[in-house]
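K.L.:
One structure, as structure tokens, below. Some questions next.
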Amino acid sequence: MKAIAIKPGKGEAHLLDINEPAIINSDEIKLKVLEVGICGTDREEVEGGRADAPAGENELIIGHEMFGRVVETGNSVKSAKKDDYGLFMVRRPCGNCYFCNNKRSDLCSTGDYTERGIKENHGFQAEYVVDKEEYFIPVPQGIIDIGVLTEPLSVVVKAVEEALLIQTSRFPGLDQDSWIKGKKALVAGLGPIGLLAAFVLKLRGAGIWGLDIVDESTARPSILKKIGGNYINGKFTKAGDLDFKYGGFDFIFEATGIAELEFQLMDALAINGIYVLTGIPSGKRPVCIMGADLMKNMVLRNQIMLGSVNAGRSHYIDAVDELVKIREHFGSLINELITEKVRFTNFSDALDRHSADEIKAVIEWNSK
């Protein structure tokens with residue numbers, strides 16, 4: 001079968017001929033891969049950035065945002081049957097820390113986890129994949145056209161749920177829905193993660209402002225406005241002026257990965273607010289900040305800054321439920337996040353080139 005692989009550190013994405021995987025153990029599931037989403041991590045890998053091949057190998061099959069159909073199951077599998085739809089989670093536990101041993105490998109404390117398509121474990125950009133039932137997430141028939149968004153949405157769901165858990169622990173008598181309803185939320189960076197965060201926060205009753213630097217007439221601001229959000233063009237409104245122009249934001253969801261901006265956004269956080277970072281900056285360029293003022297504000301305003309990466313099984317399951325709710329509430333608008341689909345034979349069209357209007361590019365492997 002075919003797969004898309006790279007040589008870590010060099011990139012050089014290419015099609016690879018490998019043996020089709022087979023079920024060996026009774027708890028395994030074999031999926032025919034239908035679609036695999038492309039994100040910044042994939043493009044970084046293709047450009048020679050962070051990626052690690054499995055031990056003893058010099059190539060890594062990439063791809064982690066997958067969606068597929070069950071073609072075979074082991075004898076002990078209970079949660080899936082032939083022709084069901086679903087996906088496999090990305091991260092695998094280290095086996096040695098408390099978190100990994102309690103199904104929270106997203107919080108691994110040793111750093112010895114592996115990730116399919118990223119770190120020491122082959123990914124999903126292939127015609128077929130096999131994995132254990134414990135990593136399988138079922139997706140209902142009604143949302144198979146957007147099932148490929150489950151993995152990125154799981155990252156959003158984790159970040160939002162943990163932020164709300166922290167906030168409600170500070171406000172006795174309020175549950176998560178009560179705290180967020182009516183609050184002002186700023187989403188910085190309107191890529192796939194940021195727009196999915198806007199959908200999730202809007203469903204919970206927050207007022208949404210989205211910050212980016214693209215023209216207001218382009219796809220990303222247009223989707224934001226269709227869900228009732230307000231667009232802020234960062235070319236004309238600097239991060240340091242947000243508090244002055246819009247007042248403080250109770251919830252800031254950062255999805256830019258720009259270190260300088262990440263610090264600047266702290267000025268826009270309201271009293272008792274929470275700021276969640278999901279973007280991962282790169283490069284070694286130093287950032288100049290007014291450190292004393294930032295830290296003083298965090299203390300005097302009782303603010304919280306939270307980093308979040310990856311997702312646990314419960315977040316994947318909640319992401320599927322969230323996709324169902326988004327479809328029910330916003331209809332086909334969520335489909336507009338998938339702006340480009342290319343056959344795997346033309347993978348370079350998605351990995352090497354992307355337009356200003358691209359939100360989520362998807363590589364197609366097989367028909368549904």
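The values are calculated or read from the model by the stated rules, or taken from the named source; none is laboratory data. Nothing here was measured: the structure is a model prediction, and the numbers come from that model. FYI the Cβ positions are ideal-geometry reconstructions off the backbone, even for glycines, and counts take in every protein chain you see. We work out accessible area using only protein heavy atoms, side chains counted, and drop any ligands, DNA or RNA first. Shrake-Rupley method; radii C 1.70, N 1.55, O 1.52, S 1.80 Å.
K.L.:
Being in contact with a Lys or Arg (Cβ under 8 Å, 6 or more places away or on another chain) and either open to solvent by 30 Å² or more (accessible area, probe 1.4 Å) or modelled with pLDDT under 95 (or both) narrows it down to one residue among Leu261, Leu351, Leu300; which is it?
P.N.:
Result: Leu351 is the single residue among Leu261, Leu351, Leu300 that is in contact with a Lys or Arg (Cβ under 8 Å, 6 or more places away or on another chain) and either open to solvent by 30 Å² or more (accessible area, probe 1.4 Å) or modelled with pLDDT under 95 (or both).
K.L.:
Let me ask something else. Using the structure shown, decide if Ser367 is crowded, with 18+ Cβ neighbours inside 10 Å and either farther than 24 Å from Arg91 by Cα or out of contact with any Cys (no Cβ under 9 Å at 6 or more places or on another chain) (or both).
P.N.:
no
Yes/no matrix, rows are residues, columns are (1) touching a residue at least 24 places away in the same chain (Cβ under 8 Å); (2) open to solvent by 20 Å² or more (accessible area, probe 1.4 Å); (3) outside any strand (DSSP E or B):
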residue: Val200; (1), (2), (3): yes, no, yes
residue: Ser217; (1), (2), (3): no, yes, yes
residue: Lys225; (1), (2), (3): no, yes, yes
residue: Lys235; (1), (2), (3): no, yes, yes
residue: Gly240; (1), (2), (3): yes, yes, yes
residue: Phe244; (1), (2), (3): no, yes, yes
residue: Asp250; (1), (2), (3): yes, yes, no
residue: Leu265; (1), (2), (3): yes, no, yes
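K.L.:
For the stretch 65-114, name all the residues that are within 19 Å of the chain's Cα centre (by Cα), assigned to a loop (DSSP other than H, G, I, E, B) and within 25 Å of Ile363 (Cα to Cα).
P.N.:
Met89, Val90
K.L.:
Which of the residues belonging to the stretch 280-294 are assigned to a loop (DSSP other than H, G, I, E, B) and touching a helix residue (DSSP H, G or I) at 6+ places or on another chain (Cβ under 7 Å)?
P.N.:
Pro281, Val287, Ile289 - these are the residues of the stretch 280-294 that are assigned to a loop (DSSP other than H, G, I, E, B) and touching a helix residue (DSSP H, G or I) at 6+ places or on another chain (Cβ under 7 Å).
K.L.:
Quickly run through the stretch 267-277 and pick out the residues that are open to solvent by less than 20 Å² (accessible area, probe 1.4 Å), of a type outside the set (Phe, Trp, Tyr) and free of Cβ contacts under 8 Å to residues at least 40 places away in the same chain.
P.N.:
Listed by number, the residues that qualify are Leu269, Gly273.
K.L.:
Follow-up question, since we're still on this one. Taking the stretch 24-61 as the search range and keeping residues that are part of a loop (DSSP other than H, G, I, E, B) and within 18 Å of Tyr135 (Cα to Cα), which one is most open to solvent (accessible area, probe 1.4 Å)?
P.N.:
The selected residue is Ile24.
K.L.:
Follow-up question, since we're still on this one. Please count how many residues of the stretch 330-341 are surrounded by 17 or more Cβ atoms within 10 Å (Cβ to Cβ) and part of a strand (DSSP E or B).
P.N.:
Of the residues in the stretch 330-341, 3 are surrounded by 17 or more Cβ atoms within 10 Å (Cβ to Cβ) and part of a strand (DSSP E or B).
K.L.:
Looking at the stretch 252-263 only, could you name the residues that are on the phi > 0 side of the Ramachandran plot and without any contact (Cβ under 8 Å) to a residue 40 or more places away in the chain? Step through it out loud before you land on a result.
P.N.:
First, pick out the residues of the stretch 252-263 that are on the phi > 0 side of the Ramachandran plot: 257.
If the condition is that a residue be on the phi > 0 side of the Ramachandran plot and without any contact (Cβ under 8 Å) to a residue 40 or more places away in the chain, then no residue fits.
K.L.:
How many residues are in contact with a Pro (Cβ under 8 Å, 6 or more places away or on another chain) and under 19 Å from Cys39 (Cα atoms) if we restrict to the stretch 184-228?
P.N.:
Summing the residues that are in contact with a Pro (Cβ under 8 Å, 6 or more places away or on another chain) and under 19 Å from Cys39 (Cα atoms) in the stretch 184-228 gives 6.
K.L.:
Consider the stretch 85-112. How many of its residues are farther than 27 Å from Glu72 by Cβ and either in contact with a His (Cβ under 6 Å, 6 or more places away or on another chain) or of a type in the set (Phe, Trp, Tyr) (or both)?
P.N.:
2
K.L.:
Using the structure shown, decide if Ile280 is at pLDDT below 95, open to solvent by 50 Å² or more (accessible area, probe 1.4 Å) and closer than 30 Å to Asp145 by Cβ.
P.N.:
Working: at pLDDT below 95: yes; open to solvent by 50 Å² or more (accessible area, probe 1.4 Å): yes; closer than 30 Å to Asp145 by Cβ: yes.
Yes; evaluated as a whole, the condition is true for this residue.
K.L.:
So, one more: So, Ser308, is that one of a type in the set (Ser, Thr, Tyr), crowded, with 16+ Cβ neighbours inside 10 Å and farther than 28 Å from Ala13 by Cα or not?
P.N.:
Criteria met by Ser308.
K.L.:
Ok, one more. If I ask for residues that are open to solvent by 40 Å² or more (accessible area, probe 1.4 Å) and of a type outside the set (Val, Ile, Thr), which ones from the stretch 311-329 would you list?
P.N.:
Of everything in the stretch 311-329, those that are open to solvent by 40 Å² or more (accessible area, probe 1.4 Å) and of a type outside the set (Val, Ile, Thr) turn out to be Arg313, Ser314, Asp318, Asp321, Lys325, Arg327, Glu328, His329.
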